[in-house]
Structures are given as C-alpha cells and as structure tokens.
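To start, the structure under review is shown below, and the notes come after it.
The values are calculated or read from the model by the stated rules, or taken from the named source; none is laboratory data. Predicted model, so just to flag it, every value in this text is computed and none were measured. Note that we place each Cβ from the backbone using ideal geometry, even for glycine, and neighbour counts take in every protein chain shown. These accessible areas exclude ligands, DNA and RNA; they are computed on the full protein's heavy atoms, side chains included. Shrake-Rupley method; radii C 1.70, N 1.55, O 1.52, S 1.80 Å.
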Amino acid sequence: MTETLGRDILDRLNQAAVHSEPGPGVTRFSFTPEHRAVGELLEGWMREAGLETRWDAAGNLIGRAEGTGADPRVLLIGSHQDSVRSGGRYDGMLGIVLPIACMRTLHEAGESLPYPVEIIAFSDEEGGRFTTSLIGSKAIAGGFNMDVLTMADAHGVSLEQAMHDFGAAPREIPLMARRPEDVRAFVEVHIEQGPVLEEQGLEVGVVTALTGIERHRLVLTGKASHAGTTPMDSRRDALVGAAGIVLELDRVCRDTADCVGVVGELEVTPGVVNVIPAQTRLTLELRSPDDAIRVDARERILAAAQRSAEQRGLELEASRVYEQSAVTCAPWLIDALGAAATEETGKPALRLFSGAGHDGLAMIRLTDIGMLFVRSPEGLSHHPDEDLYAHDAGVAAQTLLRFLRGL
Ligand SMILES: [Zn+2]
C-alpha cells in the first residue's frame with residue numbers, strides 16, 4: 001500500500017512538472033499559462049478525491065471536504081504551485097499532490113473525517129516573478145499588503161494586471177481573509193531541501209521553526225571613464241565597491257552561527273569591456289531562525305558596505321524590500337506529526353528547523369502551523385535534479401493519514 005501510494009504520488013508529480021516554461025527543470029511562475037494549466041490538472045485530481053473545488057481572489061486553488069462532526073473549524077493543508085526559475089519537480093507541488101492522494105485514499109475507502117479539510121495550491125510562494133513572495137498564503141491569512149499590487153515583473157506587467165489577466169480579483173483580496181476562529185490549523189508537507197534527513201537515514205522529519213528572511217536592493221554609483229587613460233587611484237569603480245559588499249556578506253555569514261546570506265543578483269552599467277563601471281545594482285538576502293541574529297548581521301554588513309562605498313568615492317543607496325520574521329511551529333502539531341511519523345516508521349521522529357521560507361511564514365498570522373519534511377536525495381533543491389524517493393512519498397502520505405485520523 002505504502003509503495004503503491006508513493007509511486008502514484010511520484011507519477012502525478014511528474015505529470016505536473018510538464019507545466020513549465022521551456023528550459024531545464026521546472027519554471028512555473030505565478031499567474032501565467034503554466035500556473036493555469038497545472039491548476040486545472042490539480043483541480044481534476046481534487047475532484048477525483050471527492051473534494052469540492054474553487055479558485056479564490058488571489059489565484060489560490062482550493063479543494064474542500066466537509067466533516068461529519070459538529071466542529072466546523074477547517075484543517076488547512078497545502079503548499080505552493082510555483083517554482084523558482086529552473087527549479088525542481090517536488091518543491092511545493094509535493095505538498096499539494098500528497099494530501100490530495102491522502103484524501104483520495106479516504107474517499108475510496110468510504111471513510112470521512114469528523115472535521116472539514118481544505119487542500120490549498122497557493123498561487124505564489126517563491127516570489128520568482130515579482131519581488132514579493134507568499135502572495136497566496138498572505139491573502140488567506142489576512143497579511144497581504146495591497147501596495148505590492150503596483151510591483152512590476154521583468155516585462156513591466158504589474159502584479160495587479162497579472163492577477164487580473166489570470167482571472168483572479170486582486171481588489172477583493174482584503175475580503176477573502178479567513179477568520180482565526182474558523183480554522184483549526186495549517187499543515188504543510190514539503191521536501192527538506194537540505195541534507196539532514198538523508199544523513200540520518202530517515203524518510204520524514206518534523207519541523208520546529210521556519211527561518212526569517214530579509215532582502216535588500218543596493219545601488220552603488222561611481223563614475224564611468226576610460227579604462228585605459230584613468231589612473232587606478234582616480235577611479236570610482238562601482239563594481240569594485242560591489243565586490244567588497246559581496247565578500248563582506250560572505251565573511252559575516254560564515255562567522256555567524258545560524259545565519260546565511262547571498263548576493264544573488266548583480267547588474268553592471270554600462271557593462272562594456274573598456275569602460276570603468278559607473279553603477280552596480282545588487283540584491284542582498286539574509287536568513288536565520290533567530291531574528292536577533294539576522295538583524296545584527298544585517299547591521300554589520302550594511303555598515304561595512306557604507307564604509308567601503310565612502311572609501312572608494314561611491315554613493316550607496318540601500319533599501320529593504322522584504323522582511324519576514326522567523327516563526328515557530330505549534331508544539332501540539334509537532335507532537336502529533338511526530339507521533340504519526342514514529343507509528344509509521346517505527347523510528348523516533350527527528351525534529352529540525354527549516355532554513356527555507358515556506359507558506360507557514362504567512363499562515364502563522366491566522367493559525368497554528370505544523371510541517372512535515374520528506375527526505376531530499378543529496379539535499380538538492382531549487383535545481384532541475386531535485387529528487388524524491390517513491391518510498392519516502394508513500395511513508396509521508398501514510399504519516400499524514402495517521403495524523404488526519406488521529407486529530
Ligand atoms: Zn517550497
């Protein structure tokens with residue numbers, strides 16, 4: 001049963017992965033034709049599992065099963081449909097396809113749960129298209145900032161326009177937020193995206209906390225001049241200044257426990273072989289499960305960046321474009337998921353924190369959150385070679401079924 005279920009989940013994940021922009025791996029951004037196509041595939045599977053489906057104002061797809069008991073509070077289960085550019089097949093999508101398989105298993109057995117369940121395919125978590133992320137989960141949890149609707153993607157299309165063209169109703173987002181008293185909890189199943197479960201020889205693990213994240217955009221402005229005739233000590237080279245910031249971020253994060261960071265984008269103007277760079281634009285991202293550590297690292301990096309700019313005669317503009325505090329999972333959900341995992345595997349459940357952001361970062365505003373991690377072969381994620389063992393998908397599904405029956 002476990003192996004059959006696991007193979008079925010893997011097979012459907014491979015079918016979902018077809019809905020991607022051309023190129024290596026899966027590239028599926030929010031409010032695109034690929035989003036619509038994969039949503040229609042998922043909607044069919046939801047109906048097959050006995051769920052009633054709808055699309056909400058933020059482009060989330062939701063499948064609902066009513067409960068047989070008196071308690072109307074709904075258990076929300078879900079993950080995101082979108083990917084990073086050239087990402088993998090399982091990040092996000094596993095947390096939609098797997099719970100649908102669980103609900104289908106119950107449906108086919110004629111079994112129903114005493115409480116309502118909704119499975120959500122969030123429209124956007126990764127933020128690959130716009131510089132904001134967690135759009136779908138923030139809308140449901142009541143934490144969506146309407147100001148981000150004016151943000152534009154790489155083609156100049158605003159978020160509001162993209163959502164509108166998709167058939168969503170961005171202006172109605174404030175009306176769709178759920179009330180905490182109507183919700184029991186939010187649970188997400190996700191690949192680990194790291195090496196810990198594999199190192200320990202475990203199929204699944206229970207998440208204790210999600211990392212906090214912040215992102216900045218930096219612009220360094222110097223002066224373009226002839227690369228042959230300008231002496232080295234009269235240059236205001238904006239790329240040399242940016243290099244200093246990249247190295248400082250790397251040094252601070254290496255020296256700080258539980259803190260990671262990256263400069264992921266760097267744009268050089270004019271970008272000509274024989275002209276001294278006049279301007280660089282770069283992004284800076286920091287993550288930590290402890291907010292105080294992250295804020296301290298940010299202050300040290302930005303102070304060093306300012307000093308480095310001044311020394312080279314550059315102007316530095318820095319703006320924080322995103323900040324998300326770390327959140328902890330609810331102890332009762334950690335215990336319940338851990339007990340289900342132990343019953344299923346016969347091994348003590350490993351508890352670990354997540355270095356990646358997830359929809360729980362937004363859902364915590366609404367309700368208690370819990371997360372089940374599934375082993376990532378070689379710890380690989382956000383990569384076309386991201387993998388998943390069918391056996392592990394089966395074990396995770398059986399664990400979720402035990403959790404659902406025991407709740
Ligand atoms: Zn994810």
Under the Karplus relation with 6.51, -1.76 and 1.60 and θ = phi - 60°, whole-Hz ³J(HN,Hα) for the stretch 112-122, x at Gly and Pro, equal 10, 9, x, 10, x, 10, 10, 9, 10, 9, 5
Taking only protein heavy atoms and a 1.4 Å probe, the highest-to-lowest accessible-area order of W45, W332, W55 is W332, W55, W45
A student asked for the Cα radius of gyration and Dmax of the chain in angstrom ought to give 22.8, 81
The stretch 82-176: spread of alpha-carbon positions along the three principal axes, whole Å, largest first, is 49, 34, 21
Output for the stretch 75-143: trypsin sites (Lys or Arg not before Pro) sitting in coil per DSSP, at most 16 other Cβ within 10 Å, listed by number, reads R85
Expressed as a whole-number percentage, the relative contact order of the chain with C-alpha contacts under 8 angstrom and at least six residues apart is 23
The chain: antiparallel bridges as % of DSSP beta bridges, rounded to 5, reads 70
Computed D for the stretch 300-407, Stokes-Einstein, Kirkwood radius over alpha-carbon pairs, 4 °C, 1.567 mPa s, to the nearest µm² per second, is 75
Magnitude of the Cβ-charge dipole (Lys and Arg +1, Asp and Glu -1) of the stretch 198-357 about the Cα centre, nearest 20 debye, reported as 740
The percentage of Cα-Cα pairs in the stretch 212-324 separated by more than 24 Å is 27
